[in-house]
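K.L.:
Okay, handing you the structure first.
Every number in this text was worked out from the coordinates using simple rules, so none of it is lab data. Quick caveat: nothing in here was measured; it's all calculated off a predicted structure. With ideal geometry, Cβ positions are generated from the backbone for all residues, glycine too; neighbour counts draw on all protein chains shown.
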Amino acid sequence: MSSEELAPLASRLGGTINAGPKTTVLSVPPDRVVEACTGVSSLPGWYHLSTITGMDLGQDIAILYHFWQGRRFVQVRTQIPKSAPRLASISGALTAGTLYEAEIQDLLGVAFEGNPFLGKKLLLPDVYPPDAPPPLRKEADPHRIKKMMELE
Amino acid sequence: MQYSPEGMMPFGPVHPSLKEPEYFKLFLEGEKIVAVEPRVGYVHRGIERAAQERTWVKNIYLFERICGICSFHHSLSYTEGVEALAPFEIPKRAKYLRELVAELERIHSHLLWLGLLGHWAGFDTLFMWIWKDRDHILDLEEAISGNRVNKSYTTLGASGTTSPTVSPTRSARKWTT
């Protein structure tokens, strides 16, 4: 997708576009994520939400929604502060997002409001200590968590 | 997901019909399943976290072990990702060699699944025919890289340089007979 096709969406949502050789990144504020994802998925050929990933950036958590059309990627990117890791769920609009969001909730501790897995576990074991940080956060120390779980 | 159905039936995590452990909480109304709550992750290896603890080079071999069928493609994706971050161009020869091994792996992967399709359909003869042919591809991979599964044929900025121990043409001739 060329950035021109995304430009109307970006200007409507107050986002910015960064076009790379294979991927076009559309950065939007956290409260406009659902609109951005439904906007991209309603463009012809862009119905496939490939995956959702998360990154711990230190102070913030970046959430990336990867759309794949066969030749190119569009990433809808947003950043939320670690102190308030909450985001609206896209599972109502795009069902494929349900399990991806559940995975990010388990691994990075982001609550997706409206997701049926909110407050439930998908991947993590029942014995994962509730006071330990989510395992993909930078502050999570695998050895300390293993000790808390009495595995070491 | 709040249900107040008549009953709940656990399914898994160990069940003969499941290839890997998964757990499903089945909510019932009479004999009808009205909702399912899945739980996975029993064999989750935490590779993403493990990669954060390792060096750039060690990760190539970690990612190669994500999958035993498409091992080369995982390490190739990783090296291409790192190369996209680093400002250098890889040699043309390395690109050709990577392409070659990636294509061989694609062919053997398709043959593997075609054979398994025969196996699951109850046609084991097809399975054995197809896997016989797949074995020649593995022979070619061994001739090129020295290994049949975890080929370790890519590294940052280059590809493997192991010289063939078996003539690839000999292996190919075996296939045609």
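K.L.:
Highest mean first, what order results for A:66-73, B:89-96 on Cβ atoms within 10 Å? Don't skip to the end; give the middle numbers.
P.N.:
Details: A:66-73: 15.2, B:89-96: 11.9.
Averaged packing, sorted descending, gives the order A:66-73, B:89-96.
K.L.:
If you don't mind, another one. Out of every Cα-Cα pair in the range A:1-112, what percent are more than 19 Å apart?
P.N.:
On the way: 2454 of 6216 pairs.
Counting every Cα pair in the range A:1-112, those more than 19 Å apart make up 39 percent.
K.L.:
Where does each of B:10-23, A:42-55, B:72-85 land if you order them by average Cβ count within 10 Å, highest first?
P.N.:
In descending order of packing, they fall as B:72-85, A:42-55, B:10-23.
K.L.:
Take the alpha carbon atoms of the range A:106-142, find their center, do the same for the range A:1-42, and report the distance between the two centers in whole angstrom.
P.N.:
28
K.L.:
Work out which helices of chain A, taken as complete DSSP H runs, extend at least 27 Å along their axis over the Cα atoms and score a mean Kyte-Doolittle of -0.5 or more, then list them.
P.N.:
Taking the DSSP H segments of chain A (at least 27 Å long, mean hydropathy at least -0.5), we get none.
K.L.:
Quote the relative contact order of chain B in percent (integer), defining contacts as alpha-carbon pairs under 8 Å separated by 6+ residues.
P.N.:
16
K.L.:
How many Cβ atoms of partner chains, on average, are near each residue of B:41-49 if near means within 10 Å of its Cβ?
P.N.:
4
K.L.:
I want the antiparallel fraction of DSSP beta bridges within the protein assembly as shown, as a percent rounded to 5. The partial results should precede the final answer.
P.N.:
On the way: 35 of 43 bridges.
Just about 80 percent of them are antiparallel.
K.L.:
Can you put B:Trp56, B:Trp120 in order, fewest other beta carbons within 10 Å first?
P.N.:
Ranked by crowding around the Cβ, least crowded first: B:Trp120, B:Trp56.
K.L.:
Hey, another quick one. Considering only DSSP beta bridges with both partners in the range A:3-123, what is the antiparallel share in %, to the nearest 5?
P.N.:
Working: 21 of 29 bridges.
Beta bridges within the range A:3-123, antiparallel portion: roughly 70 percent.
K.L.:
If you don't mind, another one. Where q = 0.10, 0.11, 0.18 Å⁻¹, what log10 of I(q)/I(0) comes from the Debye formula for the range B:30-135, counting one point per Cα?
P.N.:
Debye intensities relative to I(0), on a log10 scale: -0.50, -0.58, -0.99.
K.L.:
While we're on this one: For the residues A:Glu101, A:Glu150, B:Glu64, what sequence is obtained by ranking on other C-beta atoms within 10 Å, fewest first?
P.N.:
A:Glu150, B:Glu64, A:Glu101
K.L.:
Using modelled amide H (1.01 Å from N, peptide plane; none on Pro or chain starts), what sits under 5 Å from the amide H of A:Asp60, excluding residues fewer than 5 places away?
P.N.:
Those lying under 5 Å, H to H, from A:Asp60 are A:Lys82.
K.L.:
Per residue of B:34-40, how many C-beta atoms from partner chains lie within 10 Å of its own C-beta, taken as a mean?
P.N.:
Mean number of neighbouring Cβ atoms from other chains: 3.
K.L.:
Please build a GNM for chain A, connecting alpha carbons under 10 Å apart, and tell me which residue among A:Glu113, A:Glu103, A:Glu139 fluctuates the most.
P.N.:
Highest fluctuation of the listed residues: A:Glu139.
K.L.:
Could you work out how far the C-alpha centroid of the range B:85-112 sits from that of the range B:54-84, in angstrom?
P.N.:
Here the two parts' Cα centres lie 12 Å apart.
K.L.:
Something else now. Run the Debye formula on the Cα coordinates of the protein assembly as shown, all scatterers equal and no solvent, and tell me log10 I(q)/I(0) at q = 0.08, 0.13, 0.15 1/Å.
P.N.:
-0.52, -1.25, -1.40
K.L.:
Between Rg and the Kirkwood Rh of chain B, both from Cα atoms, what is the Rg to Rh ratio?
P.N.:
Numbers: Rg = 21.9 Å, Rh = 19.6 Å.
For chain B, the value is 1.12.
K.L.:
I've got another one for you. What is the calculated FRET efficiency for B:Lys95 to A:Leu151, with r their C-beta to C-beta distance and R₀ = 35 Å, to the nearest 0.05?
P.N.:
0.20
K.L.:
Continuing with the same structure: Pop the C-beta distance of B:Lys32 and A:Thr16 into the FRET formula with R0 = 45 Å and round what comes out to the nearest 0.05.
P.N.:
With a Förster radius of 45 Å, E is 0.35.
K.L.:
So, one more: Determine which aspartates and glutamates satisfy two conditions relative to A:Lys82: a Cα distance under 19 Å, and not lying fewer than 8 residues away in the same chain.
P.N.:
Hits, sequence-local ones excluded: A:Asp31, A:Asp56, A:Asp60, A:Glu101, A:Glu103, A:Asp106, A:Glu113, A:Asp131, A:Glu139, A:Asp141.
K.L.:
Still on this model: In degrees from 0 to 90, rounded to the nearest 10, what is the angle of the helix B:71-85 Cα long axis to the longest principal axis of chain B?
P.N.:
Helix B:71-85 sits roughly 80 degrees off the main axis of chain B.
K.L.:
Let me ask something else. Taking every residue in B:110-123, how many Cβ atoms of other protein chains lie within 10 Å of its Cβ, on average? Walk me through the numbers before you get to the answer.
P.N.:
Numbers: counts 0, 0, 0, 0, 0, 0, 0, 0, 0, 0, 0, 0, 0, 0.
Averaged over the peptide's residues, the number is 0.
K.L.:
For helix B:92-120, what angle does its Cα long axis make with the longest principal axis of chain B, in degrees from 0 to 90 and rounded to 10?
P.N.:
Approximately 40 degrees, to the nearest ten.
K.L.:
Oh, and also: Relative to the longest principal axis of the C-alpha atoms of chain B, give the angle of the C-alpha long axis of helix B:124-145, reported between 0 and 90° and rounded to the nearest 10°.
P.N.:
For B:124-145 against chain B, the angle is about 40 degrees.
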